[in-house]
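Here's the structure we're looking at; comments come further down.
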Amino acid sequence: MTGQHATDTAAAGVDAYVAGTLKPDTLADAQWDRARAIAVEHGLWVAVASFAGSTGEGFTSAAGRSAVWSPTGDLVASAGPEVGAVVRATFA
C-alpha cells in the first residue's frame with residue numbers, strides 16, 4: 001500500500017502524481033521505491049522533483065535523483081544527485 005495521500009489523489013481521476021521532495025541522501029533509494037510503487041499501484045505517471053545538495057541547515061546532503069516513472073512503473077527519465085541536475089519527460 002502506498003499511502004492514503006496517493007490513494008486519494010488517484011481517486012480524484014488525475015493522470016499524474018507529482019511531488020516536490022526534500023529527503024536526506026540516505027533515503028534516496030526508498031524515495032524511488034515509493035514513487036515506483038505509486039505508479040504501479042495506481043496506474044499513474046509519477047514525477048518527483050527532489051532537492052539536491054545542502055540546504056545550509058538540517059541537510060548537508062539531500063537526495064536529489066529527480067525522476068519520472070510511467071504508469072507501468074518503468075523509469076522514464078532520471079537525474080543524478082548533483083546540484084543543478086534536471087530531469088524532463090513527456091507524459092504520453
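Given the chain, what percent of its DSSP beta bridges are antiparallel, to the nearest 5? If we restrict to bridges inside the chain, about 60 percent are antiparallel.
Taking every pair of alpha-carbon atoms in the chain, give the share separated by more than 16 Å as a whole percent. Percent of Cα pairs beyond 16 Å in the chain: 51.
Residues considered: 55, 21, 72. Largest GNM mean-square fluctuation over the chain, using C-alpha springs under 10 Å, is found at 55.
Put simply, the convex hull of the Cα atoms in the range 43-92 casts, on average, a shadow of 3.7 nm².
For the chain, the longest principal axis of the alpha carbon atoms and the long axis of helix 28-42 meet at an angle near 10°.
Read-outs throughout are calculated quantities, based only on the coordinates presented, and are distinct from any laboratory measurement. Remember, predicted model here, so these are calculated numbers, not experimental data.
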